[in-house]
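Just below is one structure, and these are the notes that go with it.
Laboratory data are not the source of any read-out in this text; all were calculated from the coordinates shown. Computed from a predicted model, the values in this text were never measured in an experiment. Note: ideal-geometry Cβ built from the backbone for every residue, glycine included; neighbour counts use all protein chains shown.
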Ligand SMILES: [Zn+2]
């Protein structure tokens, strides 16, 4: 960012008084542009022992498989975000059961929250950000065509936890 959101003046990178980090600061009006991590909400959607994946119709990772997920919006909870993204990307209604995985991704300033739930009615489709959606059994998962490390890790946790029918919350850091 190089222009002030408040007054439009060019900003300068500096450490504000009583702060310890470099920020974009406006020399004109004094506005400090704090940048903080963004939250991404997604869902691991289960139907009859299979998991719902979406083939991405957008960059990054066009054509790769992902969980329905996206940026949390102001005014919603993480669970609502996961339900909304599932509806938008997979045209599916998910009945959430629990928060299942939480990933810190510090090198890009993101947090991924993944809820586990079941598909309502077994119905799904493909929203505009999705080429196609599909239900995969464990032996059908396209492990080499998954979009992100968090998707791979969530699926690994699920198939592993399913053996004992115990699904604890997995808190994990994804390194660069
Ligand atoms: Zn300004």
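Consider just the alpha-carbon atoms of region 1-56 and return their Rg together with their Dmax, both in angstrom.
Here Rg and the maximum Cα pair distance are 20.3, 60 Å.
Rounded to two decimal places and with Rh computed the Kirkwood way over Cα pairs, what is Rg over Rh for region 69-151?
In region 69-151, Rg relative to Rh is 0.95.
For the chain, modelled as a GNM with alpha-carbon contacts under 10 angstrom, which of 76, 14, 129 fluctuates the most?
14
In whole percent, what relative contact order does the chain give with Cα contacts below 8 Å and a gap of six or more residues?
Dividing the mean separation by the residue count of the chain yields 22 percent.
Taking 0.36 nm per residue of sequence separation and subtracting the Cα-Cα distance, how much length would be gained by fully extending the chain between residue 126 and residue 32, in nm to one decimal? List each step's numbers first, then the result.
On the way: separation 94, 0.36 × 94 = 33.84 nm, distance 4.07 nm.
So the extension gain works out to 29.8 nm.
Does the chain come out rounded, prolate or oblate, given a ≥ b ≥ c as the square roots of the eigenvalues of its C-alpha gyration tensor, rounded meaning a/c under 1.5 and, failing that, prolate meaning a/b above b/c?
Details: a/c = 2.47, a/b = 2.08, b/c = 1.19.
It is prolate, given that a/c is not under 1.5 and a/b is the larger ratio.
Among the DSSP beta bridges whose two residues both lie in region 1-129, what percent are antiparallel, rounded to the nearest 5?
Working: 23 of 32 bridges.
Around 70 percent of the beta bridges assigned by DSSP in region 1-129 are antiparallel ones.
Put a dot 7 Å past each Cα toward the Cβ at residue 49 and residue 111; how far apart are the dots in nm?
In this crude label model, residue 111 to residue 49 measures out at 3.7 nm.
To one decimal place, what orientation-averaged projected area in nm² is obtained for the convex hull of the Cα set of region 26-105?
On the way: hull surface 30.6 nm².
Across all orientations, region 26-105 yields a mean hull projection of 7.7 nm².
Using a Gaussian network model of the chain whose springs link C-alpha atoms within less than 10 Å, name the residue from 66, 17, 164 with the highest mean-square fluctuation.
17
Just grab the label-to-label distance for residue 5 and residue 58, each label 7 Å out from Cα along the Cβ direction, in nm (one decimal).
The answer from the label model is 1.9 nm.
Can you tell me the length gained on complete extension of the stretch residue 22 to residue 134, counting 0.36 nm per residue apart and subtracting the Cα distance? Spell out each step's value before the answer.
Details: separation 112, 0.36 × 112 = 40.32 nm, distance 4.47 nm.
That works out to 35.9 nm of additional length.
Enumerate the residues in region 28-60 having an amide nitrogen under 17 Å from the point lying 7 Å beyond the Cα of residue 169 toward its Cβ.
39-44
Could the peptides 90-98, 102-110 be put in order, highest first, of the mean number of other beta-carbon atoms found within 10 Å of their residues? If you can, show how the numbers build up before the last one.
Working: 90-98: 18.2, 102-110: 14.4.
Going from most to least packed, we get 90-98, 102-110.
So what is the 222 nm mean residue ellipticity for the chain from helices alone, if each DSSP H run of at least 4 adds -39500 (n - 2.57) and you divide by all residues, rounding to the nearest 500 deg cm²/dmol?
-5000 deg cm²/dmol
Comparing 124, 148, 115, which has the greatest mean-square fluctuation in the GNM of the chain with Cα pairs linked when under 10 Å apart?
Highest fluctuation of the listed residues: 148.
May I ask for the angle, rounded to the nearest 10°, between helix 78-90 and the longest principal axis of the chain, with both axes built from Cα atoms and the value confined to 0 to 90°?
Compared with the principal axis, the helix lies near 60 degrees.
So what's the angle, to the nearest 10 degrees on a 0 to 90 scale, between helix 149-162 and the longest Cα principal axis of the chain?
Tilt of helix 149-162: around 40 degrees.
Under a point spin-label approximation (7 Å from Cα along Cα-to-Cβ), what is the residue 152-residue 15 distance to one decimal in nm?
Here the answer is 3.8 nm between the modelled labels.
Test of understanding: extend the Cα→C-beta vector of residue 99 to 7 Å, then name every residue of region 157-173 with backbone N under 15 Å from that spot.
Within reach of a label on residue 99, which here means backbone N under 15 Å from a point 7 Å along Cα→Cβ, region 157-173 contributes 168-173.
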